[in-house]
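One structure below.
Bear in mind these aren't lab numbers, they're just calculated from the coordinates by the rules spelled out. Note that the structure is predicted; figures quoted are calculated from it, not measured. Please note: Cβ atoms are built from the backbone with ideal geometry, for glycine as well, and neighbour counts cover all protein chains shown.
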Amino acid sequence: MATPQPPSPPSDAGPIRSCVACRLKRPKRTLLRVSRTKQGIIACDLRQVAPGRGVYLCGDARCLSRARAKGLLARALKHAIPAEVWEALERVGAGQTDHYDDMARS
Ligand SMILES: [Zn+2]
């Protein structure tokens, strides 16, 4: 009767997280993750597996620039975000957003 069931999410979208900038809830795997390790290293955690505190951001260029301008990631992680992390996020975000094409293209 009590057959152990594997934890199955309601859909195949997986866990939901919200973007730190726009607050929209989206499947975790579509978001960018930035994590801070115990050593205090800030990294763009593309595989979303790094231990430590993480924040999520959608790849939208507007969210990236808003998060950067307002220091949202730094506030969430309680640590300054190195410029190279922003560059990595922007690079990945630009390649990832298909639905914001028209906004991101210049
Ligand atoms: Zn966003």
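What to note about this one:
- With neighbour counts taken as other beta-carbon atoms within 10 Å, the residues Asp45, Asp60 rank, fewest first, as Asp45, Asp60.
- Calculated translational diffusion coefficient of region 10-62 (25 °C, 0.890 mPa s; Stokes-Einstein with Kirkwood radius over alpha-carbon pairs) equals 214 µm²/s.
- With all projection directions averaged, the alpha carbon convex hull of region 16-96 covers 4.5 nm².
- Fully extending the segment from Ala74 to Arg26, taken as 0.36 nm per residue of separation minus the present Cα-Cα distance, adds 15.2 nm.
- Here the calculated FRET efficiency for Gln48 and Ala83, from their Cβ-Cβ distance with R0 = 25 Å, stands at 0.70, rounded to the nearest 0.05.
- Exposure proxy order (Cβ contacts within 10 Å, fewest to most) of Val20, Val92: Val92, Val20
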